[in-house]
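Read the structure below first, then the notes.
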């Protein structure tokens, strides 16, 4: 999921950085002081989940949890994800600083999209609705992130087509697992702290 240094072309890097900067600026503008602890906790969860890699065939996969972040943070998912990606790049050399914009966009845009697609259902009455919204959100957010990675690579060079196919196919089980984990997380939050899901759009 992390695009490494030296892979993307200049125009793709510039476009990614521009979109990420706009998203982070808007996300910070929408944040208030009360939401800072929640943003920090979810940024940490994203940081840890992305560090646990599971080898599947010729590639390694990992959880992302960007769908959960989108449902609970809305636009604030942008700065939360960027902070985690910066720390991963600096501390563990995952991704990179030049690809920070592209990687942020690939993970934060699906989070925000899922907030608007499934947020109302997740915040509705009943635990079952939250579970359904959680599974859909986890599955769709990871799918959209993979499409973003594929788009960035193919816009750089068509020769990436074969690796892109391998990455997409190998992540199908992770899409399902991501959906299940997000569903259980939302069910738990709905029972013990439902107010955490109430945020402004």
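Restricting segment 145-166 to residues that are surrounded by fewer than 20 Cβ atoms within 10 Å (Cβ to Cβ) and in contact (Cβ under 8 Å) with a residue 12 or more places away in the chain, which is nearest to residue 78 (Cα to Cα)?
Looking at the filtered set, the residue picked out is 150.
Yes or no: segment 106-128 includes at least one residue that is touching a strand residue (DSSP E or B) at 6+ places or on another chain (Cβ under 9 Å) and either within 20 Å of residue 45 (Cα to Cα) or modelled with pLDDT under 90 (or both).
No, segment 106-128 contains no residue that is touching a strand residue (DSSP E or B) at 6+ places or on another chain (Cβ under 9 Å) and either within 20 Å of residue 45 (Cα to Cα) or modelled with pLDDT under 90 (or both).
Give the residue that is surrounded by the most Cβ atoms within 10 Å (Cβ to Cβ), with candidates limited to residues of segment 190-201 that are touching a residue at least 60 places away in the same chain (Cβ under 8 Å) and in a helix (DSSP H, G or I).
Once the filter is applied, the top-ranked residue is 190.
The values are calculated or read from the model by the stated rules, or taken from the named source; none is laboratory data. All of these numbers come straight from a predicted model, not from anything done at the bench. Note that we place each Cβ from the backbone using ideal geometry, even for glycine, and neighbour counts take in every protein chain shown.
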